[in-house]
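Please read the structure below before turning to the comments.
The values are calculated or read from the model by the stated rules, or taken from the named source; none is laboratory data. Every value quoted in this text rests on a predicted model; they were computed, and no experiment measured them. Ideal geometry is used to build each Cβ from the backbone, glycine not excepted, and the neighbour counts take in all protein chains shown.
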Amino acid sequence: MERALVDKKPLLGLAEARAEADRCLYCADAPCIKACPTEIDIPTFIKKIASGNVRGSAKTIFEQNLLGYSCARVCPVEVLCVGDCVYNGWGRDPIQIGRLQRFATETATAKGAAPVLKRHVDVGRASKKVACIGAGPASLAFAGYLALEGHQAVVFEKKAVAGGLNTTGIAPYKLHAEDAMHEVELIKSLGVEVVTGVEVGETDGPGKISGKKLLETYDAVFLGVGLGADTSLGIPGEEGPGVYGATAWIEKMKLGMSKDDKAEIAGKTMLVVGGGNTAIDVARESAQLGALDVAMLYRRGAEHMSGYAHEMEGARIDGVRLVTNVQPVAFVRQTDDSHGAPGGKLIALRVAKTDENAKPIAGTEHDIPCDLVALAIGQSKLRDVAKQLPGVELDKRGCVACDPKNGQTGNAKVFAGGDCINGGKEVVNAVADGRNAARTLLERWASSSTTISATQSGTS
Amino acid sequence: MADLSIDFAGIKSPNPFWLASAPPANSGEQIMRAFDAGWGGAVWKTLGDPIMNVTSRFGGVDYDGKKLMGLNNIELITDRPLEVNLREIREVKKRYPKNVIIASLMTETKNDWKVLIEKCEDAGVDGLELNFGCPHGMCERGMGSSVGQEPRLLQEITSWTKEFAKTPVLVKLTPNTGDILEPGLAGVRGGADGLSLINTIKSIIGVDLDRLVPVPRVANASTNGGYCGPAVKPIALHMVAALARDPGIKIPISGIGGISTWRDAAEFIALGSTSVQVCTAVMHYGYRIVEDLMEGLSEYLDSHGMKSVNELRGRAVPGYQEWGDLDLNYQLIAKIDPKLCIGCQLCVTACNDGAHQCIFTGPDDKPRPPHAHSIGPARAPKPLPIGLLAGDRVPWVDEPECVGCNLCQLVCPVPGCITMHEERKGAPETWNDRVAAGRDKLPGGIHDEETGH
């Protein structure tokens with residue numbers, strides 16, 4: 001079904017990429033690099049595109065960001081690298097860095113192309129074993145960078161598919177699931193083992209592995225579990241047909257729905273509750289899939305929304321309306337009960353206007369007719385996995401507590417990164433976390449073993 | 001509107017813009033279209049003995065996405081029968097009597113030159129241009145640049161042509177020579193009425209890295225060609241100016257080499273050209289460019305109070321001096337305008353790696369390099385200039401160390417952001433003044449301190 005949503009920023013052609021690359025000023029101490037959480041050497045990779053050295057360009061990207069391909073497509077470049085391009089201040093169009101990065105990484109990793117990065121296999125070196133919990137961007141980056149240096153990395157994923165939100169959550173007009181899987185294959189080609197359908201918990205068994213076993217078997221464990229289920233509103237009538245959690249809905253749309261299921265959205269009136277980027281994604285996707293009317297409901301004023309302004313602008317172009325300063329108070333369902341228990345057919349969402357504290361004002365309730373409601377008001381924290389790893393603590397928000405520089409948790413063997421430590425940020429932040437943890441381990445192991453440091457210099 | 005008409009050794013032209021002898025001037029049909037577009041004259045593609053051409057013939061140099069910064073060709077002289085060319089010359093002259101047709105000629109024996117000149121003049125040409133410049137193909141047969149590189153031969157053949165010619169004779173020079181004055185003065189001694197330069201520069205434009213054969217490729221090989229286009233303009237400007245300032249050269253010059261805009265043309269004229277010839281820009285964009293050439297030059301002359309293009313001719317020649325006559329006490333200092341700076345810091349890198357290590361960033365004083373002339377650290381301005389666009393990324397200049405080389409200004413992408421401010425270290429004094437006063441050594445090498453030799 002997600003194929004029905006076309007790429008908003010398609011792959012640049014060779015001539016387009018060269019022309020755009022030639023526009024880059026090649027700034028010294030460039031602001032775009034500083035704006036990138038993974039600090040990719042952007043002017044260098046762009047100049048390599050201009051010279052026709054596309055593999056070298058991809059290498060420059062991957063050395064700093066192993067998931068540079070998906071980041072090129074899903075990063076909010078408008079508020080990162082592109083937003084800091086010096087051309088902005090000069091009143092000129094900024095360099096389309098994301099699209100150039102996609103050109104380099106997609107071209108250099110196309111089917112049949114020689115590998116951009118090669119594993120540093122060195123028989124004289126003591127190889128370490130690491131395990132990752134969750135196969136999202138943070139774990140894949142962590143595992144990939146360690147595999148590149150010749151270590152053994154295994155990634156355990158409880159779902160049937162790897163890639164994390166890149167596969168199940170990113171808006172398809174940015175990245176389709178099969179493109180996310182292409183990237184997972186690239187990481188696997190570096191020597192990373194990805195095991196799906198295995199959940200980390202208290203016990204060992206088929207489809208299960210315990211935290212205790214991981215800590216016994218591996219030299220280090222990386223916690224990259226992301227976030228849990230969508231949060232619900234907890235108001236009357238919520239249980240029943242027509243109400244979806246946003247990330248569950250996106251995952252179903254990306255992986256589960258056939259083209260025939262389009263009828264589930266086409267022609268329907270849809271309300272999306274929330275003001276973040278997930279809410280905007282669901283709203284845009286629904287509008288593009290043919291919903292008759294899509295409105296976002298947000299409990300404060302638009303200026304408080306956590307969703308990016310450029311994404312909201314795109315949503316408006318797709319036909320999405322924004323209703324501010326309202327809070328749902330009840331789901332209104334048909335009462336004849338002909339549509340089965342526990343709730344009848346959804347016919348409206350009852351909302352109240354909100355005061356300055358975003359609390360409902362009594363007496364302002366009114367019904368907004370609708371067929372479907374998507375709840376994009378946050379995701380729960382996955383607290384249980386952390387409990388299986390002694391020494392790993394959670395902070396007040398329920399996020400895994402760690403050193404933000406390298407993801408080191410209270411257990412010396414355990415590192416963490418991605419949404420489970422920050423509560424939900426960008427893919428590029430997750431990649432930076434995974435990479436930084438991997439680099440910390442590599443330094444630690446190098447300093448504790450002269451054998452490794454001696455052979456590392458001879459790798460190629 | 002300024003008068004653009006010129007008189008080149010007696011040849012009257014409505015404007016100084018002529019098509020150079022090249023593919024754009026290959027046939028009567030083309031040249032008539034060019035005259036309709038506004039070109040003042042055309043030097044017909046070189047006439048001579050029958051030849052054959054190869055495929056392919058052209059190669060280009062692109063730079064940062066801009067096509068044809070330079071062009072090279074291995075095409076020979078006209079491959080159309082002489083009688084056809086002569087018939088077309090006659091036809092064009094009849095239909096465009098006010099436009100200039102000059103026949104470019106290349107042949108071998110004295111009698112061949114006689115016959116060719118008589119036929120061309122009978123067809124009605126306004127003048128003759130002797131092609132002593134072509135650096136590919138024809139020079140292997142003892143013609144073209146192989147004549148231009150031998151001043152005595154050049155002089156002799158020029159004097160033959162002057163025996164037969166009734167119309168002015170221009171000698172077209174090759175730049176493939178150590179000192180352009182030698183062939184230039186040889187042309188004067190041979191009686192030439194004018195000089196045209198530069199012809200193309202002997203070149204290999206590139207290599208096909210898959211086949212490992214130079215380009216333009218002809219089957220499995222290539223040959224050296226002639227290089228032209230915007231990239232060669234500085235070389236041509238120097239050669240034109242070198243002739244224009246020589247007291248032995250009193251005949252008019254037709255400037256050629258990378259002229260694409262009215263500005264290029266104005267520079268050639270200011271350095272002594274009477275007419276200018278254009279090829280590559282027309283091959284790239286067509287005859288239509290002449291509209292801007294004429295309009296732009298005319299606007300420039302008007303805005304600078306010149307009533308005629310003749311008032312511009314040679315005006316910059318006195319400013320072309322020997323290095324030893326330049327003022328050593330003239331000093332420039334770079335200034336960066338925080339209001340315009342976009343913070344790209346290209347000037348910082350260029351100065352640090354490619355010049356004199358005197359542009360820095362940040363609020364702190366910075367250590368100078370060990371070879372600095374001034375004592376102590378480079379002092380950061382207090383407070384640090386904060387740019388309108390670039391914030392605290394605006395670089396600052398360590399002025400005592402700035403040598404005024406211009407590099408920062410040349411790399412800065414923002415017009416007017418970096419300006420060079422004049423300062424003076426003392427009364428004007430040149431190297432030659434210092435030598436004359438005995439305060440410096442004679443030019444010409446390192447001298448022994450003890451003996452002074």
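Summary of values
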item	result
Among (1) surrounded by 20 or more Cβ atoms within 10 Å (Cβ to Cβ); (2) in a helix (DSSP H, G or I); (3) within 11 Å of chain B (Cβ to nearest Cβ), the one test that A:Lys48 misses	(3)
Odd one out for B:Gln357, checked against (1) at the interface with another protein chain (Cβ under 9 Å from one of its Cβ atoms); (2) closer than 17 Å to A:Asp29 by Cβ	(1)
For A:Arg18: the one exception among (1) within 14 Å of another protein chain (Cβ to nearest Cβ); (2) within 26 Å of A:Gly307 (Cα to Cα); (3) crowded, with 18+ Cβ neighbours inside 10 Å	(2)
Boolean, B:Glu156 is without any contact (Cβ under 8 Å) to a residue 12 or more places away in the chain and outside any strand (DSSP E or B)	no
Filter result (away from chain A (no Cβ under 11 Å), under 16 Å from B:Val394 (Cα atoms) and surrounded by fewer than 19 Cβ atoms within 10 Å (Cβ to Cβ)) within region B:360-376	B:Pro363, B:Asp364, B:Asp365, B:Lys366
Helices (runs of 4 or more DSSP H) enclosed by region A:62-180 - at least 2 residues per element that are small (Gly, Ala, Ser) and farther than 25 Å from A:Leu223 by Cα	A:97-108
The lone exception for A:Cys36 - which of (1) over 17 Å from A:Ala113 (Cβ atoms); (2) surrounded by 19 or more Cβ atoms within 10 Å (Cβ to Cβ); (3) within 14 Å of another protein chain (Cβ to nearest Cβ); (4) modelled with pLDDT of 95 or more it fails	(3)
Complete set of residues in region B:289-333 that are without any contact (Cβ under 8 Å) to a residue 24 or more places away in the chain and among the hydroxyl-bearing types (Ser, Thr, Tyr)	B:Ser303
Leading residue by the ranking (nearest to A:Glu185 (Cα to Cα)) among those in region A:87-98 that are over 18 Å from the mean Cα position of the chain (by Cα) and touching a residue at least 40 places away in the same chain (Cβ under 8 Å)	A:Ile97
Failed item in (1) more than 14 Å from every other protein chain (Cβ to nearest Cβ); (2) under 25 Å from A:Cys24 (Cβ atoms); (3) free of Cβ contacts under 8 Å to residues at least 12 places away in the same chain, with B:Asn352 passing the rest	(1)
Answer from B:Ile418, B:Ile375, B:Ile386, B:Ile359 - the residue that is of a type in the set (A, V, I, L, M, F, W, C) and closer than 30 Å to B:Asp325 by Cβ	B:Ile418
Filtered residues of region A:198-226 (kept if surrounded by fewer than 22 Cβ atoms within 10 Å (Cβ to Cβ), assigned to a strand (DSSP E or B), touching a residue at least 60 places away in the same chain (Cβ under 8 Å) and not hydroxyl-bearing (Ser, Thr, Tyr))	A:Gly201
Only listed residue being hydroxyl-bearing (Ser, Thr, Tyr), farther than 24 Å from B:Gly41 by Cβ and in contact with a helix residue (DSSP H, G or I) (Cβ under 8 Å, 6 or more places away or on another chain), chosen from B:Ser146, B:Ser203	B:Ser146
Options B:Ser145, B:Ser159: the member that is polar (S, T, N, Q), surrounded by 22 or more Cβ atoms within 10 Å (Cβ to Cβ) and more than 14 Å from B:Thr107 (Cβ to Cβ)	B:Ser145
Enumeration of residues in region A:355-382 that are among the small types (Gly, Ala, Ser), exposed (fewer than 15 other Cβ atoms within 10 Å of the Cβ) and in contact (Cβ under 8 Å) with a residue 24 or more places away in the chain	A:Ala358, A:Ser380
Selection within region A:155-195 - within 19 Å of A:Ala386 (Cα to Cα) and β-branched (Val, Ile, Thr)	A:Val155
Only listed residue being more than 14 Å from every other protein chain (Cβ to nearest Cβ) and touching a Cys at 6+ places or on another chain (Cβ under 7 Å), chosen from B:Asp398, B:Asp433	B:Asp398
Some residue of region B:85-106 being within 14 Å of another protein chain (Cβ to nearest Cβ) and free of Cβ contacts under 8 Å to residues at least 60 places away in the same chain	no
Every pair of residues 6+ apart whose Cβ atoms lie under 7 Å, when the first sits in region A:73-86 and is more than 14 Å from every other protein chain (Cβ to nearest Cβ) while the second is of a type in the set (Phe, Trp, Tyr) and surrounded by fewer than 24 Cβ atoms within 10 Å (Cβ to Cβ)	A:Pro76/A:Tyr308; A:Glu78/A:Tyr308; A:Val79/A:Tyr308
Flag for B:Gly229 being surrounded by 22 or more Cβ atoms within 10 Å (Cβ to Cβ), touching a Lys or Arg at 6+ places or on another chain (Cβ under 6 Å), over 30 Å from B:Asp440 (Cβ atoms) and not charged (D, E, K, R)	no
Pair list, Cβ < 9 Å and 6+ apart or interchain, from region A:17-45 residues that are on the phi > 0 side of the Ramachandran plot to residues that are part of a loop (DSSP other than H, G, I, E, B)	A:Tyr26/B:Cys344; A:Asp29/B:Gln345; A:Asp29/B:Thr361; A:Asp29/B:Arg393; A:Glu39/A:Asn65
Residues satisfying the stated conditions in region A:87-112, i.e. closer than 16 Å to A:Lys34 by Cα and within 11 Å of chain B (Cβ to nearest Cβ)	A:Tyr87, A:Asn88
Options B:Arg424, B:Arg439: the member that is within 34 Å of the chain's Cα centre (by Cα), surrounded by fewer than 15 Cβ atoms within 10 Å (Cβ to Cβ) and either at pLDDT below 95 or within 14 Å of chain A (Cβ to nearest Cβ) (or both)	B:Arg424
Test result for A:Gly240, in contact with a strand residue (DSSP E or B) (Cβ under 9 Å, 6 or more places away or on another chain), crowded, with 23+ Cβ neighbours inside 10 Å, in contact (Cβ under 8 Å) with a residue 24 or more places away in the chain and in a loop (DSSP other than H, G, I, E, B)	no
Test set (1) in contact (Cβ under 8 Å) with a residue 24 or more places away in the chain; (2) under 20 Å from the mean Cα position of the chain (by Cα); (3) assigned to a loop (DSSP other than H, G, I, E, B) - A:Val385 fails condition number	(3)
Residues of region B:322-349 that turn out to be within 10 Å of another protein chain (Cβ to nearest Cβ) and within 27 Å of B:Trp431 (Cβ to Cβ), as a count	0
Some residue of region B:28-38 being more than 24 Å from the chain's Cα centre (by Cα), part of a loop (DSSP other than H, G, I, E, B) and more than 14 Å from chain A (Cβ to nearest Cβ)	no
